[in-house]
Amino acid sequence: EAGVAQSPRYKIIEKRQSVAFWCNPISGHATLYWYQQILGQGPKLLIQFQNNGVVDDSQLPKDRFSAERLKGVDSTLKIQPAKLEDSAVYLCASSPAPGLDYGYTFGSGTRLTVV
Amino acid sequence: AQSVTQLGSHVSVSEGALVLLRCNYSSSVPPYLFWYVQYPNQGLQLLLKYTSAATLVKGINGFEAEFKKSETSFHLTKPSAHMSDAAEYFCAVKPGGGNKLTFGTGTQLKVEL
């Protein structure tokens with residue numbers, strides 16, 4: 001089966017600019033996650049979708065970050081305006097359903113550098 | 001709330017030696033536990049998972065982990081390290097029946113000749 005697709009792979013922007021990341025989960029996976037992985041740290045959950053509804057966005061900096069999952073399939077994560085501390089790898093993951101004993105399937109990530 | 005502590009941010013072993021990566025967890029409910037591996041510039045790949053069945057779990061690439069409730073541990077082992085095992089390893093916990101997967105800070109494994 002095809003994996004989780006993410007684009008772009010790399011992005012360099014100046015601070016205060018905006019950026020958007022795209023994720024296409026595994027077909028049929030109802031649950032989609034966005035994680036932020038800062039260099040030297042473990043991934044941190046930003047937002048979780050169940051179909052097209054938000055389940056958990058408690059760690060999403062809502063003043064600058066937004067995410068949507070229209071039609072319960074693809075998802076986009078946006079940062080506006082970007083700050084230097086947003087430099088990180090943004091990982092998208094999906095799973096068949098929440099609350100079950102599945103591990104997540106991760107995409108290769110988008111490496112963002114804010115200068 | 002759940003959390004994971006990985007002891008040792010960097011571990012170095014010789015090729016052919018035992019690999020032991022340590023993970024201790026905290027969870028208010030019976031947990032599900034996972035080990036992921038991340039190669040440079042790649043996403044995370046699931047190595048193995050514990051979901052309340054057998055306490056000794058075997059995964060891919062010869063890795064295994066043992067769930068020890070009394071020690072709140074889920075250490076990852078491999079009898080004989082290979083150069084291709086060099087990567088970063090993350091332990092993660094999810095409350096049984098819950099949604100949120102929480103990761104540790106990772107252990108970078110280096111394998112030397």
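Kindly provide the set of residues from region A:39-55 that are in contact (Cβ under 8 Å) with a residue 24 or more places away in the chain and either more than 17 Å from residue A:114 (Cα to Cα) or part of a strand (DSSP E or B) (or both), ordered by number.
Correct list: A:43, A:46, A:47, A:48, A:49, A:50, A:55.
Does region B:48-66 contain any residue that is closer than 18 Å to residue B:16 by Cα and polar (S, T, N, Q)?
Within region B:48-66, one or more residues are closer than 18 Å to residue B:16 by Cα and polar (S, T, N, Q).
Output the number of the condition that residue A:70 fails; it satisfies all remaining conditions of (1) free of Cβ contacts under 8 Å to residues at least 24 places away in the same chain; (2) surrounded by 17 or more Cβ atoms within 10 Å (Cβ to Cβ).
For residue A:70, the exception is condition (2).
For region B:2-31, which residues satisfy the criterion of being more than 15 Å from the chain's Cα centre (by Cα) and farther than 18 Å from residue B:48 by Cα?
B:2, B:12, B:13, B:14, B:15, B:16, B:17, B:27, B:28, B:29
One line per residue, one yes/no per condition, for (1) in contact with a His (Cβ under 8 Å, 6 or more places away or on another chain); (2) at negative phi; (3) modelled with pLDDT of 95 or more; (4) surrounded by 13 or more Cβ atoms within 10 Å (Cβ to Cβ):
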site	(1), (2), (3), (4)
A:6	no, yes, yes, yes
A:26	no, yes, no, yes
A:36	no, yes, yes, yes
A:39	no, yes, no, no
A:46	no, yes, yes, yes
A:53	no, yes, no, no
A:81	no, yes, yes, yes
A:85	no, yes, yes, no
A:102	no, yes, no, yes
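If I go through region A:17-38 residue by residue, how many of them are part of a loop (DSSP other than H, G, I, E, B), in contact (Cβ under 8 Å) with a residue 60 or more places away in the chain and within 12 Å of chain B (Cβ to nearest Cβ)?
1
Within region B:87-100, which residues are at pLDDT 80 or above, at the interface with another protein chain (Cβ under 9 Å from one of its Cβ atoms) and farther than 9 Å from residue B:2 by Cβ?
Passing the criteria: B:90, B:91, B:92.
Are there any pairs with C-beta distances below 6 angstrom linking a residue in region B:30-58 that is within 8 Å of chain A (Cβ to nearest Cβ) to a residue that is among the β-branched types (Val, Ile, Thr) and in a strand (DSSP E or B), with the two at least 6 apart or on different chains, and if so which?
Listed by first residue and then by second, the contacts come to B:45/B:37.
The values are calculated or read from the model by the stated rules, or taken from the named source; none is laboratory data. All figures in this text were calculated on a predicted structure; none of them were measured in a lab. Heads up, the Cβs are rebuilt from the backbone with ideal geometry, glycines too, and the neighbour counts pull from every protein chain shown.
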